[in-house]
Amino acid sequence: MIGVFNFYFMDYNTQREKLVLPEYGRNVQKMVNHAISIEDKDERKKAAETIIHVMGSMHPNLKDNRDFKHKLWDHLHIISNFKMNIDTTFEPPSLDKVSAKPKPLPYPNRDIKYMHYGKIVELMAEKAIAMEDGEQKDLFVKFIANHMKLSYITWNKDTVPDLVIFKAVENLSGKKLQVKEGTVLYEHKEPIKQQTSYSKRKKGKYHKNYR
């Protein structure tokens, strides 16, 4: 019976008042709520300054920041829902500015011919096409081919003949680039191994120790 009684009267965070700035915790929120209720303006300001000190001690790594104090006062006004009627050195932030939603980021809408090579390889190919014929261009095309071979092995976990990469260079550039005849690409002796997760490595370690 006691267990059932405790269950109904337990205080869960989900049942409490929602925190405006959770990074400062519920105690700071309670202190701010109390400060708002203080009728004397001077006493209310003293309480606000004490809260600012507490908030600053929670982030000592930011004390060297020139705008640190200003930021704390802004956060105090936000936590109080702009009900903290006190005179401060810093102008309170506007509600419109705080509640404004960030503008959506413009994501590039560009088709990539070979997803496993990526867009950067296409940009490098465009750069190589614009170069004058010569040794420097040949070296750059070889560099692109080596990079494509590494990307191919990374994604496919298998070796690939150089001729396949040479053909991909031609297709990627619209047959405007060709790897110089006799070129030998860097030989990756084994496929690139992807790093295993910490949990898998830890599990394997324990299995090894207890065999």
> Hey, does the range 126-145 have a residue that's touching a His at 6+ places or on another chain (Cβ under 7 Å) and either modelled with pLDDT under 85 or part of a helix (DSSP H, G or I) (or both)?
Replying inline: no
>> Restricting to the range 32-52, and then to whatever is under 18 Å from residue 71 (Cβ atoms) and not β-branched (Val, Ile, Thr), can you tell me which residue is surrounded by the fewest Cβ atoms within 10 Å (Cβ to Cβ)?
In response: 49
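Considering only the range 72-127, state which residues are among the small types (Gly, Ala, Ser) and over 30 Å from residue 164 (Cα atoms). Walk me through how you get there before you give the answer.
Going through the range 72-127, the residues among the small types (Gly, Ala, Ser) turn out to be 80, 94, 99-100, 118, 125.
Scanning the range 72-127 gives 80, 94, 99, 100.
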> With respect to the numbered conditions (1) open to solvent by 80 Å² or more (accessible area, probe 1.4 Å); (2) within 30 Å of the chain's Cα centre (by Cα); (3) more than 30 Å from residue 184 (Cβ to Cβ), which one is the sole condition not fulfilled by residue 72?
Replying inline: (1)
>> Quick check on this structure: which one of 55, 84 is under 17 Å from residue 28 (Cα atoms), touching a Lys or Arg at 6+ places or on another chain (Cβ under 8 Å) and open to solvent by less than 50 Å² (accessible area, probe 1.4 Å)?
In response: 84
>> Here is a list: 165, 153. Which entry is in contact (Cβ under 8 Å) with a residue 24 or more places away in the chain, open to solvent by less than 50 Å² (accessible area, probe 1.4 Å) and of a type in the set (Val, Ile, Thr)?
In response: 153
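Is there a residue in the range 16-29 that is open to solvent by 60 Å² or more (accessible area, probe 1.4 Å) and modelled with pLDDT of 90 or more? Full working, then the answer.
Taking the range 16-29 first, the residues open to solvent by 60 Å² or more (accessible area, probe 1.4 Å) are 16-18, 22-23, 27.
With the extra rule that they be modelled with pLDDT of 90 or more, the set shrinks to 27.
Yes, there is a match, as at least one residue in the range 16-29 is open to solvent by 60 Å² or more (accessible area, probe 1.4 Å) and modelled with pLDDT of 90 or more.
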>> Quick check on my filter: what residues within the range 87-108 are in a loop (DSSP other than H, G, I, E, B) and loosely packed, with under 10 Cβ neighbours inside 10 Å?
In response: 87, 89, 100, 101, 102, 103, 104, 105, 106, 107, 108
> Which condition number does residue 114 fail, the rest of (1) surrounded by 11 or more Cβ atoms within 10 Å (Cβ to Cβ); (2) in a loop (DSSP other than H, G, I, E, B); (3) touching a Lys or Arg at 6+ places or on another chain (Cβ under 9 Å) being met?
Replying inline: (3)
> Restricting attention to the range 110-117, does a residue exist that is closer than 30 Å to residue 169 by Cα, at pLDDT below 75 and among the charged types (D, E, K, R)?
Replying inline: yes
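The values are calculated or read from the model by the stated rules, or taken from the named source; none is laboratory data. Since the structure is predicted, the reported quantities are computational estimates derived from the model, not experimental observations. Reconstructed Cβ throughout: ideal geometry from the backbone, glycine too, with neighbour counts over all protein chains shown. Quick note on the areas: whole protein, heavy atoms, side chains included, nothing else; ligands and nucleic acids left out. Shrake-Rupley method; radii C 1.70, N 1.55, O 1.52, S 1.80 Å.
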